[in-house]
1. Here's a check for you: in the range B:82-109, which residue that is closer than 22 Å to B:Ile63 by Cα and in a loop (DSSP other than H, G, I, E, B) is least open to solvent (accessible area, probe 1.4 Å)?
2. Scan the range B:226-249 for residues that are buried (at least 16 other Cβ atoms within 10 Å of the Cβ), within 14 Å of another protein chain (Cβ to nearest Cβ) and under 27 Å from A:Ala134 (Cα atoms) and jot them down.
3. Name the pairs: first residue in the range B:298-310 and more than 15 Å from B:Leu258 (Cβ to Cβ), second residue in a strand (DSSP E or B) and open to solvent by 50 Å² or more (accessible area, probe 1.4 Å), Cβ to Cβ under 8 Å, at least 6 apart or on different chains?
4. Considering only residues of the range B:390-414 that are of a type in the set (Gly, Ala, Ser) and open to solvent by 10 Å² or more (accessible area, probe 1.4 Å), which is nearest to the other protein chains (Cβ to nearest Cβ)?
5. At pLDDT below 95, open to solvent by 30 Å² or more (accessible area, probe 1.4 Å), touching a helix residue (DSSP H, G or I) at 6+ places or on another chain (Cβ under 8 Å) and farther than 26 Å from A:Asn112 by Cα: is that true of A:Glu23 in this structure?
6. Would you confirm, using the coordinates I've provided, whether A:Leu6 is in contact with a helix residue (DSSP H, G or I) (Cβ under 7 Å, 6 or more places away or on another chain), open to solvent by less than 60 Å² (accessible area, probe 1.4 Å), at pLDDT 95 or above and of a type in the set (A, V, I, L, M, F, W, C)?
7. Within the set of pairs 6+ apart or on separate chains, which have a first residue in the range B:56-70 that is open to solvent by 50 Å² or more (accessible area, probe 1.4 Å), a second that is in a loop (DSSP other than H, G, I, E, B), and C-beta atoms under 8 Å apart?
8. For the range A:149-166, state whether one or more residues are under 19 Å from B:Ser291 (Cα atoms), more than 7 Å from every other protein chain (Cβ to nearest Cβ) and in contact with a Phe, Trp or Tyr (Cβ under 8 Å, 6 or more places away or on another chain).
Amino acid sequence: MKSIVLSSVVVAVLVFSGCSSKEPSVDASSGANSGMGNESAKGSMNGETSEMRIARLEKQFSSVYFDFDKFDIRADMQSKVSDSATLAKTEAKDLTIKLEGNCDEWGSDEYNFALGLKRSESVKKSLIASGVDASKITMVSYGESNPVCTEKTKDCWSKNRRVDYKLLP
Amino acid sequence: MKIFFTWLFIISFSFAGDATFDVIKKVDSLPSIAVEDASISYDNTFKMQFFKALVADLNVLSIFNVDGNYRNINFNDNNVLVENKDMKYVLRYKMLEDDSAGFNVELKLYKDNGVVFTKAYKANKNDFYIFISHAIAVDINEFMGEASVEWMKRKVIFSKNVSPKKTEIIISDYTLTYQYKIIEGGLNLFPKWANQAQTSFYYTSLDKKPTLKQLDIKSGQSKAIMSSDGMMICSDVSADATKILVTMAPNNQPDVYLYNVATQKSTRITTYVGIDVGGQFMDDNTIVFVSNRLGYPNIFSQKINTGVVEQMIYYGKSNAACSVNGEYVVYKARESSDAFSGNTFNLHLISTKTDFVRRLTATGVNEFPRFSKDGDAILFIKNYMDQSSIGVIRLKSNKNFLFPLKSGKVQSMDW
């Protein structure tokens, strides 16, 4: 006795048929700095657009590196954070600072993302303690999804355990 | 002596249903099964693809000693092939493409050379052949009177890192054979099915402020649910899909929140000043989550109404992810603590009633465990030797199966 197609298979097939007839919902990578394009159109000073100024200033901020599974700021990183705080209070005082927390490849779970966030928070607290306006700082964690190095070496992993500075108008 | 056997009897039956105990089945004790192809459509490459898929599914069932030899036969021959005459079971199938390019499969199961089960299957096109293979395996398993393996038919959704800040979200079957890219471009992570029917899913978009979104598969429409500074992740969806547990950090503090889908209100559940993430529903009033409140990540439970927190796991140096099914918790434990060389992360299973611990994996980075609804299977991510795979652990038969990803690295997944 032959029975007819499994209903669940039909459901699966219909669902996937539905998928194939649709364009994927593309979350276009508009980027967190999408506003910068608009700002760049707002004139320039000495030939330097707003976008160029942000790019120049960003290079002066040094990433903060962390030990494995830690989110406290190492002694050798304190001076870098202090330099960044000075920059944030002077040349970049009109800009918002976005602190991007990152982790090495050892774990893709939520804990790793939280670790990246706590690293950002450590830097934020240090910046505030140095007099940076708290309202000008935002944070995000990218977990292990934003590596600057993908080799399987200790040097590479240490480069990925970091907080980057991004400047927003 | 009588007392000894009485105790042995009691112990055997006490632990007979405990998944934390290893079950060693001798391959020789399983009934043999061979597979015969009687297809008249499709080329040899596709015929071999389907045959291998079916053999793999039968192996995952773990109830047969499966013969992997490929053999052809006429579908209407009365007897099984002479090479298979000593097999306890023979599965014979015929693939046929109809006039509208539909994919049809007719099936016969022989036992001791007599037909004991027949069924016919149909799909819109042969691209979906893997789902027919899974459906056949589920039916054969049911015919054999074994516990349900309906999880084989569920769809897996996973995000894949393709480059820095670039991911893809893909829907697939549990073996990753069929893959459909549902979101590409941007940084979209932690997909989580929004309901049992798997018609929509939640995911985290990190292109701007961390935002929880929900995408309806049929319409392809995505809508924003809520945003938070720092992080925003859907960790679990209640069985009736009315509540979800999210990790967010509106005050720079990662905590577990309960979100009511109907009222769109969220309630903070955990309040520790460190890291609380990855909430999972244990029952109507209890969640299990990951916290570093002891100075390292470990698994805790908390009553939603009273806030009473209890440590769940007392083994492992660093336990950063878990999944819950009834009394069982499967968790990821770091087996080494080394910043300068490769680390091993293994999955362990613990019963909250007996506290026995069973290690489920042995090598590589094993993470993101997810129980099947019936609790018999655990899906997980394995990264080992530059290869990213999705693995399946069959608890009752004590077997692990790996399905490698051709490129990229699996970031997170749900099924």
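The values are calculated or read from the model by the stated rules, or taken from the named source; none is laboratory data. Since this is a predicted model, take the numbers as computed values, not measurements. Please note: Cβ atoms are built from the backbone with ideal geometry, for glycine as well, and neighbour counts cover all protein chains shown. Side chains are part of the model used for accessible areas, which takes the heavy atoms of the whole protein and leaves out ligands, DNA and RNA. Shrake-Rupley method; radii C 1.70, N 1.55, O 1.52, S 1.80 Å.
1. B:Met87
2. If the condition is that a residue be buried (at least 16 other Cβ atoms within 10 Å of the Cβ), within 14 Å of another protein chain (Cβ to nearest Cβ) and under 27 Å from A:Ala134 (Cα atoms), then B:Ser228, B:Asp229, B:Gly230, B:Met231, B:Met232, B:Ile233, B:Val246, B:Thr247, B:Met248, B:Ala249 are the ones that fit.
3. B:Phe300/B:Val309; B:Phe300/B:Glu310
4. Only one residue tops the list, namely B:Gly408.
5. no
6. Answer is no for this residue.
7. Partner pairs satisfying both residue conditions: B:Asn65/B:Leu30; B:Asn65/B:Pro31.
8. no
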